[in-house]
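J.: Dropping the structure in here first, questions after.
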Amino acid sequence: MNIKFNKQADEALRVLVESKENVVIRLEVLAVGCGEPALALSLDKQRDDDDFVVVEGIHFVTEDKYKTYFKNTEILYNPEVFNNGFYVHILHI
C-alpha cells in the first residue's frame, strides 16, 4: 500500500487513532461500480489476515482481497466538504 495524506489529514488521523486504544485505520472498499470504487476509512482492530503498513507512524490495514485498490491512495481531510471530514481516493500516477 502506498498512502499519501495532507497535513490536515495527518492531524485528524492522529486525533482519531489517539481517541481509542489498540486501534488501526482500516481502509475499506464500500462499493465497486462502473466508475472508481467508493473508498472509506474507519477505526478497527487489526486481524491476522490483514495487509498492514505504517505511514509516518500511523498504522493502516486493509483486507488482503482489497489491497489492489490501495496501491496508490490519497487521504484528504476537510470537515466542511467531505462526509466525516475524510476523502479517500485512488491516485492515478
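J.: Where the second residue is among the acidic types (Asp, Glu) and the first is at pLDDT below 95 and lies in the stretch 65-80, which pairs have Cβ atoms under 7 Å and are six or more apart or on separate chains?
T.: LYS67/ASP51
J.: Further, regarding this structure: Can you give me the number of residues within the stretch 61-87 that are aliphatic (A, V, I, L, M), over 17 Å from VAL15 (Cα atoms) and either assigned to a helix (DSSP H, G or I) or open to solvent by less than 90 Å² (accessible area, probe 1.4 Å) (or both)?
T.: Of the residues in the stretch 61-87, 1 are aliphatic (A, V, I, L, M), over 17 Å from VAL15 (Cα atoms) and either assigned to a helix (DSSP H, G or I) or open to solvent by less than 90 Å² (accessible area, probe 1.4 Å) (or both).
J.: Quick test of your reading of the structure: ILE90 fulfils all but one of (1) modelled with pLDDT under 95; (2) open to solvent by 50 Å² or more (accessible area, probe 1.4 Å). Name the failing condition by number.
T.: ILE90 satisfies every listed condition except (2).
The values are calculated or read from the model by the stated rules, or taken from the named source; none is laboratory data. The structure displayed is predicted, hence computed values, not measured ones. Glycine gets a Cβ as well: all are built from the backbone with ideal geometry, and neighbour counts include every protein chain shown. Side chains are part of the model used for accessible areas, which takes the heavy atoms of the whole protein and leaves out ligands, DNA and RNA. Shrake-Rupley method; radii C 1.70, N 1.55, O 1.52, S 1.80 Å.
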